[in-house]
1. Charges at C-beta only: +1 for Lys and Arg, -1 for Asp and Glu. How large is the resulting dipole of region B:1-133 about its Cα centre, in Debye rounded to 20?
2. Could you list, bin by bin from short to long, the percent of Cα-Cα pairs of region A:12-82 in 5 Å steps?
3. Below 13 angstrom from the Cβ of B:L394, what's the summed charge of the other residues (Lys, Arg +1; Asp, Glu -1)?
4. Calculate how steeply helix A:75-106 sits against the longest principal axis of the alpha-carbon atoms of chain A, using the helix alpha-carbon long axis, and give the answer as 0 to 90 degrees to the nearest 10.
5. In terms of the Cα gyration tensor, with a ≥ b ≥ c the square roots of its eigenvalues, is region B:50-191 rounded because a/c is under 1.5, prolate because a/b exceeds b/c, or oblate?
6. Let me check something: with ligands and nucleic acids excluded, how do B:W101, B:W550 order by accessible area (1.4 Å probe), largest to smallest?
7. Keeping all protein chains in position, work out how much accessible area A:T92 exposes to a 1.4 Å probe, and write it in Å² to the nearest 10.
8. Please report the carbon-and-sulfur percent of the accessible area for the protein assembly as shown; probe 1.4 Å, protein heavy atoms only, DNA, RNA and ligands left out.
Amino acid sequence: MSTVMHVLPYLVAAYVFLTGCYGLATSRNLVHAVGCLAVCQCATYVLLLAVGYRDGATAPVFSDIAPGSRPVVDPVVQALTLTDIVVGATVTALLLALVLQIAKRHGTVDPDELRELRG
Amino acid sequence: MHHLIPLLVAVPLLGAALLVATGRFLPRIAAEITGVVVSGGTAALAVVLLLNSEPPMVEWVGGWLPVGGESVGILVVGDGPALGMATLVSLLTLSALAYSWRYFDEPPTGHTGAFTALMLVFQGAMCGFAIAGDLFNAFVFFELMSVVAYALTGYRIDEAKAVQGALTFGVVNSLGAYAMLMGIALLYARTGELAMTKIGRGLDATGHSGPDALVLASFVLVLTGLLVKAAAVPFHFWLPDAHAVAPTPVCMLLSGVMVELGAYGVWRVYGTVFAGPGGIPAADLTRALVTLGTLTAAVGAVMCWYQRHIKRLLAYSTVAHTGLFLVGLGVLTPEGDDGVALYIIGHAGVKAALFACAGVLLDRFGSVDEHALHGRARRLRATAVMFAVGALGLAGLPPFGTALGKAVTEEAVGGPLTVVFVAASAITAGAVLRVTARVFLGLGPRPEDAEYETSGSDEEPETSGLLSRIPDTMTTVPAVLLAAALAVGVVPGFGDLVAASVNEAGSGGAHVSVHWTLHGVLLGVASTVLAVALAGLAVTRPAWVSAPGWAAPLRRLQSGHVGDYVAWLLMGATVLGALALPGVLGS
């Protein structure tokens, strides 16, 4: 495979991460901001899976292939990605719950109007 | 003995699960006793393990031992610093639970024990981060302690400020954690390992010609996550917002030990992963940490001085002190590590005690505003004495543990950086003394309000209604904490013990004798005198030390806007990369 295809997943991961950060920095709605945080986390999934990729390899499931008979992708990063997804679900759920409370108590979810804590 | 190390995480988590499962059937007293027993049991276990941590222990959880040098198991380490941090976490959680005995008089119906359960999860997660021996588990525990901390910060969900502060805290810290995970993935890509020591060896084996762009990128990403937790400038913006709104027992833990775990993480990760020839050269780490640390100490001290919200003031003093810790760690000498370890222990006691006293004010008067409380707390004599003693501890008055740690660190960093230590501790302590003089003694005229600030009035007390009498637990706990901070400096041999265990893990067993020196005592007394003078000046001649024009932009940076803080985080990561770049270019 060409060098471009090898480098592409890493560029995609960096792009997705920075896109999420841009969205966070310019967000006008906290629900959108929590979504952007989830986008940043998706960059970590892409990166982890890209790290474990091997040319011509199959999924690391040995129910129908004998171990060692053909290359498999790295199962460790897949386990890490799964753990990462669980962590992300927890964070997103908790932050959305907080946004809900902010909407109730402040009557707005626009970060530009939430300037009580400052100085 | 090493088989018991994972229990430091398992016992609090199981205790929390028990409380969540049975909480709604238990009377409140039973839930709290369960919490204290579980937390105290873990603390006792941590102390026993700590006393047996020589030589350092290693445990593969669940018996997944390495086969032929390859491992997929979870590694936990039981050396002095790891178990020491776990002990500090556990003891502080125990005191926070004891302090909150009469707090939250009416837990939400049907959720008795929810607060205690969250505190136990927090304790377990922080212990887990302290003992994690591989980077991915460090990330998992990092996120677990962050998530529990967000929930605890926003525990009083009916308060507008609390949920706002918790959300800011959550977004910034989670973003930092994801940056850290990206860095871990890059390290795994290079070395195929997750255990910290093996990553370090892998980098040295592959990087014969020194570090390259990938090592630099992973270093910057991992350090960004840890420095967000350690609240280094410019990653610190979340901390005052979170600490000002969190319930007081939670503040004791956040300021006392969670932020310091970030600095501990920097020490652990650099020493184990990046210190070798394939990692980041020592000169670059020193440049990065000393620059950011000095900046953090300066910003923290200045912002601390201009606060009127007492909990926010204490939060900024934590920022200033973490800056000092980073400077001490950044010089990469055994003496610096030992001094910072002692400083962290002493600081935890003093800062937790100060937050506990601020909590007394909150529940007695429904306000933590220095201006609104002017002269109103004259009758709280015990609290006044403890607040003043805590301020002196913060300044580093010998023989407090903070003073010993500060003296040893000052000697290690040497030269002009000593000025940073004296000034930062004097200014933060001066601000606390000023609060003491105004609030508890009613000295001086009532100060005028500034335009761009967070006031601390109209806060909801954390008990059911305002307290007319302060419960004994709320005065005993800060007294015990202050006594412990004093004991760190007074008990003979304690400093040497800490130094020996830190150096065994970090500096190859270098022998350092930690003791009081005339130089250190004089510097400690100097910062105390400076703090008292500053406080006296602030009370008698407020105009002389009021915010000058150049401080206004600094205050405006703390805009309360989560988007700004994310932008600062990205800028901080760039600065970190630029500071570490010369070593990579030069190799």
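1. Details: 3 positive and 7 negative charges, 73 e Å.
Using only the charged Cβ atoms, the result is roughly 360 debye.
2. Percent of Cα pairs in each bin: 4, 17, 19, 15, 13, 10, 8, 7, 5, 2, 1.
3. On the way: positive: B:K351, B:K406, B:R434; negative: none.
With Lys, Arg at +1 and Asp, Glu at -1, the net is +3.
4. Helix A:75-106 sits at roughly 10 degrees to that axis.
5. The shape class here is oblate.
6. Working: B:W101 85, B:W550 170 Å².
If we order B:W101, B:W550 from most to least accessible, we get B:W550, B:W101.
7. That residue has around 40 Å² of solvent-accessible surface.
8. Heavy-atom surface of the protein assembly as shown belonging to carbon and sulfur, 1.4 Å probe: 68 percent.
The values are calculated or read from the model by the stated rules, or taken from the named source; none is laboratory data. The structure presented is a predicted model; accordingly, all values stated were derived computationally and were not measured. We place every Cβ from the backbone using ideal geometry, glycine too, and count neighbours over all the protein chains shown. To get the accessible areas, we keep the full protein, side chains included, count just its heavy atoms, and leave off ligands, DNA and RNA. Shrake-Rupley method; radii C 1.70, N 1.55, O 1.52, S 1.80 Å.
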